[in-house]
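Step one of this worksheet: look at the structure below.
The values are calculated or read from the model by the stated rules, or taken from the named source; none is laboratory data. Just so it is clear, the model here is predicted, and its values are computed rather than measured. Cβ: placed from backbone, ideal geometry, glycine included. Neighbour counts: every protein chain shown.
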Amino acid sequence: MTAPALDLRGLAVAHGGRELFAGLDLTLPGGVFSVLLGASGVGKTSLLRVIAGLDRPTAGMVVADDGAPLAGRVAWMGQRDLLQPWARVIDNVMLGDRLRGRRPDRDRAAELLRRMGLADRLAALPAELSGGMRQRVALARTLYEDRPVVLMDEPFSALDSVTRARMQDLAAETLHDRTVVLITHDPLEACRLGQAILLMAGEPVRVEAIAVPAGAVPRPADDDSVLHAQGVLLRRMLDAAGS
Amino acid sequence: MSAGRIVARLGRPVGTLCGLGLLWWGIVRLGGVPPYLLPPPGSVARALWAQRGLLAGAAGTTLLETVLGLLLGTAGGGALALLMMASTPVRRWMMPLVLLSQAVPVFALAPLLVLWFGFGIASKVVMAVLVIFFPITSSFFDGLRRTPPGWLDLARSMDARPGLVLLRLRLPAALPAFATGLRVAAAIAPLGAVVGEWVGASSGLGFLMQTANTRFETDLMFAALLVLASMTVLLWWGVDRALARMLYWVPDDRSD
């Protein structure tokens with residue numbers, strides 16, 4: 001799978017009467033994790049929805065750099081796990097095929113769940129799982145789609161720090177080589193996973209590329225360069241919020 | 001469930017019933033109400049026992065009409081709600097009709113329905129269907145429309161087919177709302193059947209009540225009323241428990 005880069009060209013996005021983005025030009029590199037970082041309400045989710053094709057921009061467009069259309073090549077993972085409470089874990093993972101009317105691939109779904117450490121929970125209902133397990137099922141469902149572009153909207157924000165760190169490791173390992181756009185408000189998450197880190201602030205939003213810490217992702221949370229970058233990033237976010 | 005817990009759970013409703021019976025007895029006794037206006041509980045109980053064959057037969061007819069009405073009304077209302085969700089023209093044309101089914105008083109329609117469908121159970125089944133059609137259809141349709149937007153976004157990002165979204169996402173998500181409509185329907189369907197019997201029938205609890213009324217057999221009429229009330233409560237309870245079992249993923253707080 002070759003994962004394309006995403007080109008955002010002259011993008012304008014409005015939400016609830018506010019112009020969040022105007023004339024935004026941005027390239028999200030192919031095959032790596034790009035982390036979009038910003039305070040709540042800055043418009044991260046709106047931007048991601050436009051990239052996912054869920055909302056239309058008021059101007060501009062999002063294209064893949066290989067020239068082929070993006071439609072059908074994007075998987076989306078929202079803030080909540082969005083599991084169907086009536087469906088067993090494995091059926092939740094195969095939701096995409098069930099909604100497209102294709103024959104679900106049970107073996108592949110089971111294999112993905114095994115990689116998530118949920119091999120013994122295939123027949124469980126979502127209500128029987130912890131928050132971290134549910135998010136792992138959601139990640140397995142995203143991987144089951146097997147799309148080169150994966151958009152993630154603060155998928156780990158509701159988890160406790162230990163579970164979150166484990167999910168970050170799992171995401172970095174399983175989404176390797178894909179074009180991932182990850183939204184977060186957590187500077188540590190950005191520094192652990194980002195191969196491009198973009199700070200969003202202002203209205204309309206200005207995007208600033210931040211120096212990426214050294215090392216392959218997932219970077220250890222106690223690494224000196226990660227800790228330093230996290231501190232710099234937090235300082236920048238505070239400055240941006242104060243101005 | 002242990003015997004002790006059954007006693008504990010039955011204790012309150014039984015206590016309430018005993019209290020009501022006592023109040024009833026007191027009003028008759030102290031108020032000096034003549035028995036043809038309000039018979040004392042004792043004579044109603046005697047009528048209940050003496051006419052048990054008659055009452056059971058009548059209750060059987062009414063129960064059959066009610067259950068048939070519930071089944072047909074649920075199937076028809078459910079199918080219509082799905083159609084209204086799938087097609088905008090159907091929604092625009094049918095919504096006023098669904099509303100109309102609630103706006104027209106069934107009491108006014110009952111004589112007409114008996115004329116059209118005869119004195120047998122058909123006209124009563126139609127009455128029951130009419131009475132429950134609105135709560136069934138509107139609750140299910142509401143549930144189908146109120147699918148959490150996050151699920152629909154997810155489905156769109158998966159290039160889902162609209163028909164399958166309706167079937168595998170909107171439909172199961174609407175079942176709790178549908179169940180609410182079905183519980184209401186179970187409670188009011190007997191009413192439709194009895195009104196139909198009242199207007200023109202040769203059997204059923206409504207028919208029995210009406211004949212007892214005209215003959216001033218007030219104790220029999222009260223006995224029939226008691227049977228009808230118990231039947232309705234049991235029907236509601238059965239539907240409620242069946243739904244709770246079918247909707248296994250919906251939190252069901254039965255702690256009290």
Considering the stretch A:195-223, residues that are closer than 23 Å to A:GLY242 by Cβ and in contact with a Phe, Trp or Tyr (Cβ under 6 Å, 6 or more places away or on another chain), and then whichever is modelled with the highest pLDDT, we arrive at A:VAL205
Of all residues being of a type in the set (D, E, K, R) and under 19 Å from A:GLY78 (Cβ atoms) in the stretch A:182-202, which is surrounded by the most Cβ atoms within 10 Å (Cβ to Cβ)? Just the residue, please. A:GLU189
Kindly check whether there is at least one residue in the stretch B:179-199 that is in contact (Cβ under 8 Å) with a residue 24 or more places away in the chain, within 14 Å of chain A (Cβ to nearest Cβ) and closer than 24 Å to B:ALA242 by Cα. yes
Given the conditions (1) touching a Pro at 6+ places or on another chain (Cβ under 8 Å); (2) of a type in the set (Gly, Ala, Ser); (3) at pLDDT below 95, and given that A:ALA138 satisfies all but one, which numbered condition is not satisfied? (3)
Exception for B:LEU115 within (1) surrounded by 15 or more Cβ atoms within 10 Å (Cβ to Cβ); (2) away from every other protein chain (no Cβ under 14 Å); (3) more than 17 Å from the chain's Cα centre (by Cα) falls at (1)
Starting from residues that are of a type in the set (Ser, Thr, Tyr) and closer than 19 Å to B:LEU220 by Cα, keep the ones in the stretch B:5-48 and report whichever is surrounded by the fewest Cβ atoms within 10 Å (Cβ to Cβ). B:TYR36
Name the residue that is surrounded by the most Cβ atoms within 10 Å (Cβ to Cβ), counting only residues in the stretch B:120-173 that are within 14 Å of chain A (Cβ to nearest Cβ) and acidic (Asp, Glu). B:ASP153
Within the stretch A:118-125, does at least one residue satisfy the condition of being part of a loop (DSSP other than H, G, I, E, B), within 13 Å of another protein chain (Cβ to nearest Cβ) and over 21 Å from the mean Cα position of the chain (by Cα)? yes
Scanning for something out of contact with any Asp or Glu (no Cβ under 9 Å at 6 or more places or on another chain), touching a residue at least 40 places away in the same chain (Cβ under 8 Å) and outside the structural domain of A:ASP186 (by TED's automatic domain parsing), does the stretch A:113-120 turn up at least one residue? yes
Hey, can you tell me all the residues within the stretch A:73-117 that are facing another protein chain (nearest Cβ under 7 Å), assigned to a helix (DSSP H, G or I) and of a type outside the set (A, V, I, L, M, F, W, C)? A:GLY96, A:ARG98, A:ARG100
Of the residues in the stretch A:16-59, those that are within 14 Å of chain B (Cβ to nearest Cβ), outside any loop (DSSP other than H, G, I, E, B) and either more than 16 Å from the chain's Cα centre (by Cα) or under 15 Å from A:VAL150 (Cα atoms) (or both) come to A:THR45, A:LEU48, A:ARG49, A:VAL50, A:ILE51, A:ALA52
Unique match (being surrounded by 15 or more Cβ atoms within 10 Å (Cβ to Cβ), modelled with pLDDT of 90 or more and within 14 Å of chain A (Cβ to nearest Cβ)) among B:LEU225, B:LEU243: B:LEU243
Matching residues in the stretch A:67-86 - criterion: being under 16 Å from B:LEU152 (Cα atoms) and of a type in the set (Lys, Arg): A:ARG80
Can you name the number of the only condition in (1) among the aliphatic types (A, V, I, L, M); (2) free of Cβ contacts under 8 Å to residues at least 40 places away in the same chain; (3) assigned to a helix (DSSP H, G or I) that B:VAL33 fails? (3)
How many of the residues in the stretch B:189-221 are surrounded by fewer than 19 Cβ atoms within 10 Å (Cβ to Cβ) and under 15 Å from the mean Cα position of the chain (by Cα)? 1
